[in-house]
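Written out below as structure tokens is the structure these notes cover.
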Amino acid sequence: MKPRIEKLLDFTFSRRQDALRRDADWSPLLARFVAEGVDDETRARIGLVEMLRAEGETPAFLDGERLAFTRTVRQIPELHTAAEMDARRAGGTAFGEKGVVFNITADFAPTIRDGLDARLGELRDRLARCRAEGDSEGAAFCENAALSVEAVLELAEKYRAAAASRGLHDVADVLARVPRFGARTFREALQSLRILHFALWCEGEYHCGLGRIDQYLLPYYEADIAAGRLDDDGALELLEEFFVACNRDSDLYIGVQQGDNGQSVMLGGLTRDGAPAFNALSRLCLKACGELKLVDPKINLRVDKNTPVEIYRLGTELTAKGLGFPQYANDDVVIPALERWGYEPEDARDYTVAACWEFIVPGCGLDIDNIDAVSFPGALDAALRLCADGAAEPGGYDAVEAAFLAEVQRRADALVEKYRHVEVLPGPFVSVLSAGCIQRARDICKGAKYNNFGIHGTGISVAVDSLASVRELVFEKALVSLPELVRLLDTDFAGRPDVLAAAKAAPKMGNADGRVDSIAKRVIKFWGHAFDGKRNDRGGRFRPGTGSAMYYVWHAREIPASADGRLSGHPFPANWAPSLDVPVKGPVSVVRSFTEPDLGAVCNGGPLTIEIHDSAFAMPDGVDKVAELVRFFVLRGGHQLQINAIDRDTLLDAQAHPERHRHLIVRVWGWSGYFVELDREFQDQIIKRVELAAS
Amino acid sequence: MTAGRVFEIREFTLHDGPGVRTTVFLKGCPLRCAWCHNPEGQSRDKETMRRKDGSATVCGEDWTDEALAAELLRNADIMRQSGGGVSFSGGEPLAQAEFVCAVADRLRAEGIGCALETSGAAPESDYRAVVGRMDFVYQDLKHHDAAAFRRWCGGDLEAILRNYRWLRTSGVPHCVRVPCIPGVNDSPADRAALLALAGPGATVEFLPYNPAAPAKYPMLGREFPLAAAT
């Protein structure tokens, strides 16, 4: 790593950027919006303009920096009062999370290529057409969008002038070119991307992914190399500076936990035409991450059955450094799954992930891929109570499983009703960076090419293990009756340690045990079809997944003990993973169990998470072994995989002495974060996961 | 059909050969090394291991060669994919040589490579029969001095060295492993003597002492012998 990058890294780690920041009080602006009844789109535009103009951002340059733009205002304007939003919800409008555009990846490439001036030109032409056609809604969009673009260009110009006056002539030269005009060099392309991405956060969007940077930045890298303007060392240095910058403002980015900011990057895979896409720039990105060891950007790597082992090794070398990424996605499963959901083949081949792991197509989608979740253990708990009350058909284990699946369906149907009509708040600037919005003269919030909603499936393994336990304890061994078992769940098995022990000893997912894996197969198949034929009012589908996001903590609080022997108050595993209290034979059996179902049916996303004790990487061929494990997962038809390399003692020490472990990175539910910045509940869950891996 | 006794089958082992491997730990060993970290592997008898939380498990499970091979072959796909295989460890696998040969033959018939971790404390015929079926052998050399070896391990060093000398000429790929035990065999002079004993051109791995070695003794109701002896 170059000393210049080390300096920028140190600046970020020692949080010296805090001194560049100030607080802003946006409440007068909000009061004005309410008093004047300003419409949503105008609020979004004014918010961005105020944020970027005299009231807000001021140019800041770090020592030695070559890619400018650092946040200097902590708060972005609130555009709606809580009362306004509550009133809308009360009026029957559903929103995804905060309501604004989030969890998507914008179409950066055309604007890096053409410059924002080109977008301004298109907006002016479109405005003229709207006026001629009497399309006042379209005209308003074009005006708001153009004003937003101009605000971004003004701030860039302010930065340019400030750089020039400080003698930072190379920075000023780059800013004289981008983002107004198309980038010609790798450095210009990165600077342009930095500004566009920065502006999205200022507009209020969050979980703004970066997408396939190794594809859309490749032409600039190649042109520089061909012209002899840049070598790999120089490109690596620029990439590293860009990656460091992704960590500088990220504490201001909204998420459930610190680190949950959705700055994801997707590397490798296939091009839109179906050719192998892993290239020299993909390699440099992996190298940069390995040197920097930062949580952002969060690296995803697309692989398939033909991916050379060497690429798995490159990925595993990052895992070995304890970064919690790359997260792998299997093109052989994901691309056909997206095509089945109606994504065009070229778009499907272009997929990336949203904030965590939801598969989306960058640039042209307004999928809300985490709109809600079905708690599988919750559904089973309800079904067991129905069966115990005699409300369900008697008929042995099969009737219990059928009642459970019926309850899953009931919950799925309820979510379809709940989210049939969802509103999204406008974002004129993100619309400019999204394919088709200018042509349609409509904000992206009105809908894009893809408008699907994703539904997580929480605690699937807990439910499946519980079903296996019910079958064994109630129907095969007749150790306990179903009504009695339900009573025991409410009392944490009080008075029946034998039942608890038998529940814990029943077959569990993660051991390649056909008795339980066969149940999982049926459950996943059912879940994959739970939304067949259902559409939201934008014509979008509902995509079931195996993810949990943060629901694994929330949903676990909603039920008492479960029939697999999990006691009340104990969490579920995150995503698609063995239950936390289950001893498993090892990672090979875990992969075998969790790739047994057809995962193409549940491709909203949601990775298998495996913890590998970090001592594995002390052996010279540890990387090879883990790389082969990942490849095994892919060859078996797994959809998504993340691996944590950590040891328990370090985590415990970090809980006790956070000051000694500020840089300790862990994978949480779909993103890597600093362990010491997580709430205790999340820390404990990770320690629990690691305990099972240590052997 | 032969039968054998196993105390653990562990998948994805890291120290027992190339690729993704499963290691079979065979129960029973003629030696009693004072630092042994698998004391439950020493006796051929089934034993009960009691944990602090009061739970107990029976250690030692009987398998036929057919059943054990079938169990191991469940992971044949990833073993083939990664150039891995099965490793036999213990205990002392050569104490159940006929069983190990039978299992290895079944694995080899399916194209699965085998590796052996042995102290070498076995009759020559058993040693040669098993080693001849292996793709790789980890041969322990624990001490260079016969008297010290007898004191610390309770066995005959010369018999082991006879086997080792044959291994050197056998053409079977192998390496020597030395567990470094503080105060027993870890002085520079010890190391030099062990290297000399391994012979010219031998690959020798010095393994650091495992600080977790005493962990399992209390579960068997035993004292850690090395603690008593030093």
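Here are the numbers for this structure:
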| quantity | calculated |
| --- | --- |
| Of all residues making up the range A:1-22, the number that are part of a loop (DSSP other than H, G, I, E, B), at pLDDT 90 or above and within 22 Å of A:Thr58 (Cα to Cα) | 1 |
| Top-ranked residue of the range A:57-114 - restricted to ones that are among the β-branched types (Val, Ile, Thr) and in contact with a His (Cβ under 9 Å, 6 or more places away or on another chain), ranked as farthest from A:Ile444 (Cα to Cα) | A:Thr93 |
| Unmet requirement for A:Tyr216, which otherwise passes all of (1) surrounded by fewer than 23 Cβ atoms within 10 Å (Cβ to Cβ); (2) more than 22 Å from A:Ala156 (Cβ to Cβ); (3) not basic (Lys, Arg) | (2) |
| Criterion: in contact with a His (Cβ under 8 Å, 6 or more places away or on another chain) and among the small types (Gly, Ala, Ser) - qualifying residue of B:Ala198, B:Ala193, B:Ala159, B:Ala147 | B:Ala193 |
| Residues of the range B:12-34 classified as assigned to a loop (DSSP other than H, G, I, E, B) and within 13 Å of chain A (Cβ to nearest Cβ), total | 7 |
| Residue match in the range A:130-148 (condition: among the acidic types (Asp, Glu) and under 30 Å from A:Trp26 (Cα atoms)) | yes |
| Residues within the range A:258-273 that are surrounded by fewer than 22 Cβ atoms within 10 Å (Cβ to Cβ) and touching a helix residue (DSSP H, G or I) at 6+ places or on another chain (Cβ under 6 Å), tallied | 3 |
| Segments classed as helices (runs of 4 or more DSSP H), wholly inside the range A:72-140, with at least 3 members that are within 28 Å of A:Ala60 (Cα to Cα) and not basic (Lys, Arg) | A:108-114, A:116-133 |
| Count of residues meeting criterion [touching a helix residue (DSSP H, G or I) at 6+ places or on another chain (Cβ under 8 Å) and not in a helix (DSSP H, G or I)] in the range A:40-54 | 1 |
| Test: residue in the range A:523-534 that is more than 14 Å from chain B (Cβ to nearest Cβ), touching a helix residue (DSSP H, G or I) at 6+ places or on another chain (Cβ under 6 Å) and of a type in the set (D, E, K, R) | yes |
| Lone qualifier among A:Arg22, A:Arg74, A:Arg53, A:Arg45 - being surrounded by fewer than 18 Cβ atoms within 10 Å (Cβ to Cβ), within 18 Å of A:Tyr206 (Cα to Cα), in contact (Cβ under 8 Å) with a residue 12 or more places away in the chain and not hydroxyl-bearing (Ser, Thr, Tyr) | A:Arg74 |
| Residue check, A:Leu62 crowded, with 19+ Cβ neighbours inside 10 Å, among the aliphatic types (A, V, I, L, M) and either in the same structural domain as A:Phe429 (by TED's automatic domain parsing) or at pLDDT 95 or above (or both) | no |
| Residue among B:Leu226, B:Leu197 that alone is touching a residue at least 60 places away in the same chain (Cβ under 8 Å), over 18 Å from B:Ala122 (Cβ atoms), out of contact with any Asp or Glu (no Cβ under 8 Å at 6 or more places or on another chain) and crowded, with 18+ Cβ neighbours inside 10 Å | B:Leu226 |
| Looking only at the range B:173-230, and only at residues there that are among the acidic types (Asp, Glu) and more than 23 Å from B:Thr48 (Cα to Cα), the one that is farthest from the chain's Cα centre (by Cα) | B:Asp190 |
| Test result for A:Ala563, surrounded by 23 or more Cβ atoms within 10 Å (Cβ to Cβ) and closer than 18 Å to A:Ser548 by Cα | no |
| Helices (runs of 4 or more DSSP H) wholly inside the range A:478-564 containing at least 2 residues that are over 34 Å from the mean Cα position of the chain (by Cα) and modelled with pLDDT of 95 or more | A:482-490, A:497-505 |
| Selected residue (only one of A:Leu338, A:Leu386 is of a type outside the set (Phe, Trp, Tyr) and at pLDDT below 95) | A:Leu386 |
| Lone unmet requirement of (1) away from chain A (no Cβ under 11 Å); (2) touching a residue at least 60 places away in the same chain (Cβ under 8 Å); (3) touching an Asp or Glu at 6+ places or on another chain (Cβ under 9 Å) for B:Lys46 | (2) |
| Residue that is nearest to B:Cys114 (Cα to Cα) [pool: residues in the range B:173-194 that are aliphatic (A, V, I, L, M) and surrounded by 14 or more Cβ atoms within 10 Å (Cβ to Cβ)] | B:Val176 |
| Test: residue in the range A:449-461 that is touching a residue at least 12 places away in the same chain (Cβ under 8 Å), part of a helix (DSSP H, G or I) and assigned by TED's automatic domain parsing to the domain that holds A:His421 | yes |
| Scan of the range A:423-474 for residues that are under 16 Å from A:Ile104 (Cβ atoms) and of a type in the set (A, V, I, L, M, F, W, C), ordered by number | A:Val424, A:Leu425, A:Phe429, A:Val430, A:Val432, A:Leu433, A:Ala435, A:Cys437, A:Ile444, A:Cys445, A:Ala448, A:Phe453 |
| B:Asp45 being in a helix (DSSP H, G or I) and either acidic (Asp, Glu) or out of contact with any helix residue (DSSP H, G or I) (no Cβ under 8 Å at 6 or more places or on another chain) (or both) | no |
| Residues of the range A:426-436 classified as over 19 Å from the mean Cα position of the chain (by Cα) and under 14 Å from A:Arg45 (Cβ atoms), total | 6 |
| Filter result for the condition that a residue is within 18 Å of the chain's Cα centre (by Cα) and without any contact (Cβ under 8 Å) to a residue 24 or more places away in the chain, over A:Ala348, A:Ala275 | A:Ala348 |
| B:Ser170 without any contact (Cβ under 8 Å) to a residue 12 or more places away in the chain and surrounded by fewer than 22 Cβ atoms within 10 Å (Cβ to Cβ) | no |
| Within the range B:63-151, helices (runs of 4 or more DSSP H) holding 2 or more residues that are within 14 Å of another protein chain (Cβ to nearest Cβ) and under 23 Å from B:Leu14 (Cα atoms) | B:65-73, B:76-82 |
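The values are calculated or read from the model by the stated rules, or taken from the named source; none is laboratory data. The structure displayed is predicted, hence computed values, not measured ones. Neighbour counts are summed over all protein chains in view; Cβ atoms, including those assigned to glycine, are modelled from backbone coordinates with ideal geometry.
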